[in-house]
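What follows is a single structure, written as C-alpha cells, with notes after it.
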Amino acid sequence: MLIQRAYKTELDLNNRQRTACARHAGAARWAYNWSLARKIESHRKGEKSPTAIDLHRDLNLRKKEDLGWMYEVSKCAPQEALRNLDTAFDNFFQRVKAKKAGKSTEKAGFPKFKSKKNGLGGFRLTGSIHVQQKSIQLPRLGVLRLKESDYLPEDGVKVLSATVSEKAGRWYVSVQVEQEILDPVVDSTKPAVGVDLGIENLAIVSDGTEYPNPKAYRRHERKLIRLQRAVSRKQKGSANRKKAVRRLAKEHKKVADLRQNALHQITTALARTQSVNGIEDLNVRGMLRNHHLAGAIADTGWAEFRRQLEYKTKWYGSRLVVAPRFFASSKLCHVCGHKNEELTLATREWTCPECGTRHDRDVNAANNLKHVAARWADTENACGEDVSPDCRQTSTKQEPNTLE
C-alpha cells in the first residue's frame, strides 16, 4: 500500500544556519502577505483574483527592481507560500459554500496576514532533498545536522518536500515522503471495543482500560499566568520583554508536547491492539460554549484524538466506527437497552430501572459504543465487503450517521 507520511524532527543549527532559516521564513511570510494584499485589492476593484502562478510571475519581476534580497533565499520559499495562500482561499470558499448550504456552522475564516508576533513561522522546500543518518541536505541551506539520528527514512521512499519551522526558539524539519508499506491484515481474533472520551480520564475503553488525562494546561496554568504577567510588565520593544516572551513560548510548547505525546500513545495502542474501535461523533465546538467546561474540554484534544485514530487504524489493519452525533451512549443501558431520559451531566453513576444494573456513566457509554462497533463488524462480515456508514447505522434504529 502506497501512503504519504511526514516525519518531523528537531534540527541542530549553528548561528549562521539559524540566520539563513530565519531569512527563508521571512521571505515566505513577506510573499504570503504581499499576495494576500494583492488578492484583496483585486477583489475590491472587481477584478479577477490572481492565481499563484500570476503572482509568482509578478514577484520575479519585482525581484529585479526592489527585492534583490530575495535572491539570498531559495525560490521555493516564496513560491510555496503563494501556493499555500491559494489553498487557504480554496478552503475559505468551500467553508462559505458549506455554511450557505446549511452543512456547516463553523466560521468561514478569511485568510489573515502573518506576523512575527506569532513566531517566525516556517517555509517549505522542494527539489533536491537528501536525507542522511544524522543530517539532511536542503536547497540553498546545505547540510543541516539533526538532533535525533536514524529517524528520517533514507531508503525506499520518495521525498516530496521538506518544511522547516520555528517554535519557541527551536527549529524543526518535517519531511513528507511517499513510501510503500505492507497491506495491513485485519486480525479478526482481536476484539471490537468502544472508546468513550472524557475529561478526568481521556479515554475509557469498554474492556475496562482507562487512559488518564494528562491535563497539560491545567498542571501548568499557574506558571503560564505568572509568565504572561511578567511579559505584560516589561516595556514593549525592550530586550527583557523579548526574553520574557521566549520563556512564555517555551512553557506553551511544553504544554502542547505533553498533550500530543499522550494522544499519540493512546491512539497507537488502540489502533494496534483492537480490530474495531467505536467512538462518538462529538460536537466539540458546541461543547466549548459551556463556559464551565470549555477550558477542560479544550485541554483534552478530542478532535486530534479522532484524527490520529482515523489514519492509524488504516496503517495497522484495524477499523474505526463513528457512532452518530445524537446517539445516546451515556443514557442507554448497555444490558437491556433502556434509555434514561433524566440522566444529567452531573450524574456519574446510575441504576437501570428495568434490569437493575448499576452503571458507571463512562464505562456504560464505552459498552454502548462497543455494541455499535460489533454490529458494524457483523454487517461487514455478513456482506463480505465494507458497506457505507449510513447503511451500517440504519439497521440499529438510530438517527442517520453524520460522518463526513
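No value in this document is a laboratory result; all are computed from the given coordinates. Predicted, not measured: the structure shown is a model, and the values here were computed from it. Cβ coordinates were reconstructed from backbone atoms using ideal geometry, including for glycine residues, and neighbour counts include every protein chain displayed.
Assorted remarks:
- Dipole of the chain computed with +1 at Lys/Arg Cβ and -1 at Asp/Glu Cβ about the Cα centre; of Val175, Leu61, Ser149, farthest Cα towards the positive end is Leu61.
- Helix axis angle, 15-44 relative to the chain longest principal axis, alpha carbon, degrees: 80 degrees
- Size of charge dipole - the chain - debye, nearest 20, with Cβ of Lys, Arg +1 and Asp, Glu -1, no other charges: 3240 debye
- Exposure proxy order (Cβ contacts within 10 Å, fewest to most) of Lys39, Lys64: Lys64, Lys39
- Couplings 3J(HN,Hα) of the range 164-173, computed from phi: 9, 9, 10, 8, 6, x, 10, 10, 10, 10 Hz, in residue order, whole Hz [Karplus 6.51 cos²θ - 1.76 cosθ + 1.60, θ = phi - 60°; x for Gly and Pro].
- With respect to the chain, whose longest principal axis is taken over its alpha-carbon atoms, helix 216-233 is tilted by about 30°.
- Summarised in one figure, the compactness ratio Rg/Rh of the range 2-180, Cα atoms and Kirkwood Rh, is 1.01.
- Answer label, with P(r) over Cα pairs in 10 Å bins from 0, in percent calculated from the coordinates and candidates [x] 4, 16, 24, 26, 19, 9, 2, 0, 0; [y] 5, 24, 34, 27, 9, 1; [z] 4, 20, 26, 21, 13, 9, 5, 2, 0: [x]
- Sparsely packed loop sites in the range 118-163 (the trypsin sites (Lys or Arg not before Pro) outside DSSP H, G, I, E and B with at most 15 other Cβ atoms within 10 Å) comprise Lys134, Arg140, Lys147.
- Stretchable slack from Ser238 to Arg285, in nm (0.36 nm times residue separation minus alpha-carbon distance): 13.1 nm
- In order through the range 2-14: 3J(HN,Hα) via Karplus (6.51 cos²θ - 1.76 cosθ + 1.60), integer Hz, x for Gly, Pro: 8, 10, 10, 9, 10, 10, 10, 8, 8, 9, 10, 9, 8
- Prolate/oblate/rounded label for the range 129-282 (Cα gyration tensor, a/c 1.5): oblate
- Sparse packing (at most 16 other Cβ atoms within 10 Å of the Cβ) combined with a DSSP loop state is found for the following trypsin sites (Lys or Arg not before Pro) in the range 254-312: Arg289.
- Residues whose amide H lies under 5 Å from that of Ala203, counting only those 5 or more places away or on a different chain, are Gly198, Tyr211; hydrogens are built 1.01 Å from N in the peptide plane.
- The phi torsions of the range 276-293, fed into the Karplus equation with coefficients 6.51, -1.76 and 1.60 and a -60° offset, translate into couplings of 9, 10, x, 10, 10, 7, 7, 8, 5, 4, x, 5, 5, 6, 7, 5, 6, 10 Hz, rounded to whole numbers, with Gly and Pro shown as x.
- Against the chain, whose longest principal axis comes from its Cα atoms, helix 76-100 is set at around 40 degrees.
- Near the amide H of Gln132, within less than 5 Å, lie the amide hydrogens of Gln137, all on another chain or at least 5 residues away, with H placed in the peptide plane.
- Basic side chains Lys and Arg get +1 at the Cβ, acidic Asp and Glu get -1 at the Cβ, and with that the dipole of the range 2-180 about its Cα centre reaches some 900 debye.
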